[in-house]
Each structure stands twice: as C-alpha cells, then as structure tokens.
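*Asks:* First, the structure itself, so that you have it in front of you.
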Amino acid sequence: MTPEEWRRLEDLFERAGAVPPDARAAFLAEACPDDPALRSKVLSLLSVPTDASGALESVVSRSVEALAAETSSGQRVGPWRIVEPVGHGGMGLVYLAERADDEFAQRVALKLIRMPLATPELLSRFRSERQILANLNHPHIASLLDGGTSDGGVPYVAMEYVDGRALDRYCDEERLSIRDRLDLFLAVCDAVSHAHRNLIVHRDLKPGNILVTGDGTPKLLDFGIAKLLDPGDSTPSETQTGMLLMTPAYASPEQVRGEPVTTASDVYSLGIILYELLTGRRPYDVSTTDPVEVVRVVCDTMPNRPSSAAVTADAEPSTSPEERSRLRRTAPDRLHKQLSGDLDNIALMALRKEPERRYGSVEALAQDVRKYLRGLPVLAGPDTWRYRVSKFITRNRAAVSGTAAALLLVTALVSFYTVRLATERDRARLEAAKADQVASFLQGIFEVADPNRTQGENVSARELLDRGAGRIGAELADQPEVQATMLGVIGGVYMSLGLWDQALALRDSALTMTRALYGASSLETAHAMNGVASALTLSGRYPEADTLYRRSLDLMRRHLGDSDPEIAVTVMGLADIQQELGAFQQADSLYTEALRIRELHFAPESMAIAEVLDATAAVKKSQGDYSGAEALLRPPTPRQERRGRTAVPNLAGHLRTSLGRRPSLHGHGLTQSRHRVA
C-alpha cells in the first residue's frame, strides 16, 4: 500500500468506528464505492472485539502485518537496503539492513514508523525519538547512525545493530552467578542514568529492550516511547491518544494509572528487572489484558521478598527452585541466604508503590548495589549499630580471625552483652549477671596462682588448666554458649602443651554442646569439628580426623563460599593428613587450593603464604621433586627480604626443614601451630 492508501484506510477506520455496527457496511459502500478491497480491510479491522483487550492493540498488530507484507527484502530505504525483519517495537517495525550505496559496508537496525498510525502527533513523536537518540552517547546505549524519510514518505531511523540476547535469557543461558548478574545490572543502571542526565525517561525498560552481546556487553535499546523532561514539551500524553505505550509487566503504578511519568518510573522498572535477575520470577503476575485488572495488580499487589520468591515453587512451575538456583550456580538454601537481607531490601525499596519512597535516582539504586558488593551498609538496610558492626566484621573477617584466642573470647563476650544490654533493656539485669559470671570464671582460673593463696608454692600451667577445666561444668552450667567456648579454648591450650588426650576430651565435649546449641549444619558446628579434627590429627588418629575435616569443609563452603580465609585453614589440616598417610598427590592438590585462597587475602611475603609454601615443598620433596621444592623456597629478592624480615624471621630454618625432614605432627613445627589456631 502507498502512503496515500494508508491514510485513506485510517480515515475510513476512524469515521466508520463512530457509526453503529449494523450501519457500517452501508456507510462504507457510500464513502468508498470504488474500492471493495479497502472496504473489506476496514470492516475486518472494525470486527475486532472492543473488550478489555482493546481494539487498538489488534489494529496495531494487523497494521504491523500489513506493513511487513508491503516491505520486502531488498527494498531500499534511503541509503539502506533491507535484509530481513528482526522485530517490532512500540511505534514501528525493525529490520536488519545494510548500506546500499556501496560507500562502505555497514549493518544497522532500521526502524520504520507504522503508516496507519502516522498522525501528525505520532510523526512528531517519531522525529523526537530521532533527536533523543542523537543526544545519547553511551557505550551501553545503541547509538543513532542515520535518520530520514523513505521515497514512500515513511520516516525511519538507522540504529547500531546489536547482535545479542535479551538480558534475562543471556543470564540464564550463561548460568551467571548473582554477582555477575549484578555487574550487568550496574552497567544497565549507568546507561539509564546517562539518559536521565539528558532529561530523558525511557518508560519501557524490560529485559527484551536490553540485549547482551557475545562478549557480555549490555546495550539498551528502544527509546521510541521516551519523553523529554522538558517543561516546554507540548506533546500530548498517551492517554489523550488512547495509546498505552508501555509493557504492563514492567510498568510503574503511576504509569498504569495514566499519571505523569518521571525518572522514578524507570527506577521502578529497574527494580522489576533486578527482582527477575535475582529470583527468576517477576514480583507479580500481569498476564491479564484487562486495564482495570492491570491497575489492581500493579498498584495493590505487594511483592514477596526475593529471598523467599526464589525458593518458592509455583503452582504450575515453569522452573523449579532447584532449577532457578542451578541457573545461578548455587543451591536453593544458599540462594535464599545470599538474597536475604541487603538484596531483599534493595529490590523492595526500588519497587515501593509511592514514587517518593523509592530511590531518589538510578544513581542511588546503583550505589546501594555497589555497597552490597563491597560489603558496606546500604541505604535500604536497617540503619542500626548492630547492622553496621556486622558489615564491618564481614569486610574484615581475615583480620578479626587472626586475633589471639583469649582476646577474641573476651571481646566477643563484651560485645555480645553490650549489644544485648542496648537492644533488650528488659533483660538488662539478667545479662549483666551473666557477664559477671563470665568475668568471675576467667579471673578465678588465675587466682590459684596468687602467692597469698599458694604460700610461695609454684603453680604450673598444667595445674591452672586442670583446675580451670574442672570448674567449667559446675560454674557455667547455666551458660551453655560460654561453656562450649571455654571448653574449646582450654582444649587448645592443652594441645599447645602436647596433652593430646585432655585436649581431645574437652574439644569433643565442646563439639557436642555446639551441635546441640546451633544445629548440626551451623558454621559454629563446623568450627568445633575443626577443633576436634586437629586434636585427632595430633593424636595420630588420621582416618577419624580426615572424616571430620571433610564434613567441616563441606559445611564451611556452604556458609562461606570457596575463598574465605577460614576455608584455607581447614584445607591445610586436611592436606596435612593426606601427607602423613602418603597420599602426596592429594596433599599437593589441597595445598595448592589453600595457597590460592590465601593469596587473595595475604601479602606474598606474609607468614600465611610462607606456611603453605613450606608444606608444599615438603610434599614435593617426599615425591622426589627436589628442584620443585627448592623453587618454592628460593630466597626472596632483597626488596622482599626487607619487607618480609619481620613476617618470616627464620626463612633459612624453613629451607633446611622442608628440604631435609618434614616436622612431625607430634612436634612443635608449623603444622602444630596451625592446629592450635584451629
């Protein structure tokens, strides 16, 4: 059809629509006596039911089909030659096209306006789109390359052709982790923020408008329904034209109500995209086409927390919680834990129904995501002292875990009771009494060495330990958490004195109490297992220690991931056992894993790195690989020696020991020191 024929069809459609249905055929016969084919097309369009789905949507669909039929492969539009259709957007069809003037080779996405909708208002809007795209210059926004009008009077824009997959599809097909998905989301936020700084609201943000290329670069498409945030903009609103230029499943409450749209609407749509990337589900179902029902669902339905939605099965599931977790390289319980807290709060703050209660800008939303990735307190999180302290400990776990056992115990207890006193004032007296009991117990262990009480008699460290261990059960019977901790600590001191049996008995009791207090799958239980395993190792009971270390390692990975410094301690303990059992290849592999983890957290010249290199060299020496062992323990450069002089004071000793004989687990070498830490 020619542009003139399109305009004639549109005019007849609008005029006949105002006539009663039973009189339309007669009206068209009189208004268009010379073109029965055109009359048939108008009657076909008018036959679409005007129910909740809306006649206009079907008119648009039919118009798209007609325009597609009129636009064939090889047809020229300006300097471009159409190759094939690739889709359609809110205002027109999109084709893959290439240059036809032989000036140079270039492929573009060519967008043509739908001619039956080409009212002066929409033509003005289309030209505005071209200007909007011309003003945008960002690596994550598809750029405008050309624009004009075809020989048939059809306006067009030629945009950068993006060969990619929709954001959600790309993330699932590549099985991206939550962190990788958040990195992509931040790139999208940066693109939208750039548009906002140019006074542009996208108004149709959705995964289908965000394509990710093969190298993982997201590109934001289709500003066809964007509106300049210019007070002088006189373009009529969509409600005036009867058009709903949006995708209801990703639209904000103010959009579906037909209210003014601001940058807060894009924040809301980004919240839905974030929710879907995290959970594999949308916050609510907008499958209906009834405008009244769409408003009810979008404006009144409160979304579940992402951590719950991700692991909840649907009534008719397209994917199970297990499958959604697998697509994020994790398991349902770990996904629930990862999304709980900050990510829950971030997504739900972006999805608040009232625009003024959402993030004030896309930058603010992106900043909270970045803070989460860095372990910092987020704006959407609870602004409490306990929350900020927990984030500090998470960021500095390696340093905190390196503090001396006694200092850790006292600090933890004081912090614990201080927080409880501040937040649970109704239990203040009870907590103060418990704190006094702990302080009295710690003081009482050393009172037996007071010269006034011993009358000059020397009291050995062994006697102090024995008396302290004997008092734990009686004096801390009503303090099971403290009792379990003290059993582990005193057991560790027994180990440092070479008293394996006493150490094992206390640490075994600590494990039993910890399991009862916190559960068999808790991180606390994993730490207690490490304590027993180290005592078993030093007692020469390698098979039992091996079993316990492996169970502990599985629990710790479940709670901490694969790269936490605490994981390296457990891996080292397991590697020591393999070495003692003669399984040198397994030991070498485990030491390599421990080295990888510690290199993420410690300097190359640190004692933590030297310890792993020492152990690895001993394994290679046991396998006859003397050159490999020597390479691991070759003296550092002068600069490294200056930096490492304090951290590794006896490097020559390590060289002699590792190339000569591995220290016995029953002696006082590095291996025993590591087990004391455990």
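The values are calculated or read from the model by the stated rules, or taken from the named source; none is laboratory data. Since this is a predicted model, take the numbers as computed values, not measurements. For neighbour counting, all protein chains shown are included, and Cβ atoms are generated from backbone atoms with ideal geometry for every residue, glycine included. Keep in mind that these areas ignore ligands, DNA and RNA; they rest on the heavy atoms of the full protein, side chains included. Shrake-Rupley method; radii C 1.70, N 1.55, O 1.52, S 1.80 Å.
*Asks:* For a 25 Å ceiling on Cα separation, which of these pairs sit above it: Lys111/Lys353; Lys206/Lys353; Lys41/Lys206?
*Replies:* Beyond 25 Å: Lys111/Lys353; Lys41/Lys206.
*Asks:* When all protein chains stay in place, what accessible area (Å², nearest 10, 1.4 Å probe) is found for Arg558?
*Replies:* 90 Å²
*Asks:* On a 1.4 Å probe surface of the protein chains, which of Tyr372, Tyr284 comes out largest in accessible area, and what is the full order?
*Replies:* Highest to lowest solvent-accessible surface, that is Tyr372, Tyr284.
*Asks:* Hey, what do the phi angles of the range 485-493 turn into as Karplus ³J(HN,Hα) couplings, whole Hz, using 6.51/-1.76/1.60 and θ = phi - 60°, x for Gly and Pro?
*Replies:* Using θ = phi - 60°, the values come out as 5, 5, 4, x, 5, 5, x, x, 5 Hz.
*Asks:* Return, ordered by residue number, the residues of the range 461-499 whose backbone nitrogen is under 15 Å from a label point located 7 Å along Cα→Cβ of Arg541.
*Replies:* Under 15 Å, as judged by backbone N against the label point of Arg541, lie 495, 499 of the range 461-499.
*Asks:* To continue, here is another question. Keeping the other protein chains in place, figure out the carbon and sulfur percent of the accessible area of the range 484-620, with a 1.4 Å probe.
*Replies:* 55 percent
*Asks:* So for each of 490-497, 265-272 I average, over its residues, the number of other beta carbons within 10 Å; can you give me the resulting order with the highest mean first?
*Replies:* Going from most to least packed, we get 265-272, 490-497.
*Asks:* OK, next. Pull up all non-local amide H partners of Val86: gap of 5 or more, or a different chain, and H-to-H distance under 5 Å with H placed in the peptide plane.
*Replies:* Val94, Tyr95, Leu96
*Asks:* Right, next: Summarise the accessible area of the range 171-212 (1.4 Å probe, protein heavy atoms) by the percent that is carbon and sulfur.
*Replies:* Carbon and sulfur: 43 percent of the exposed surface of the range 171-212.
*Asks:* Okay, moving on. In terms of solvent-accessible area of protein heavy atoms at a 1.4 angstrom probe, what is the ranking of His601, His196, highest value first?
*Replies:* His601, His196
*Asks:* Which residues in the range 347-371 place their backbone N less than 20 Å from a point set 7 Å from the Cα of Ser563 along the Cα-to-Cβ direction?
*Replies:* Under cut-off, by backbone N: 369-371.
*Asks:* For the range 522-575 and the range 288-339, what is the separation of their C-alpha centers, rounded to whole Å?
*Replies:* The distance from the Cα centre of the range 522-575 to that of the range 288-339 comes to 36 Å.
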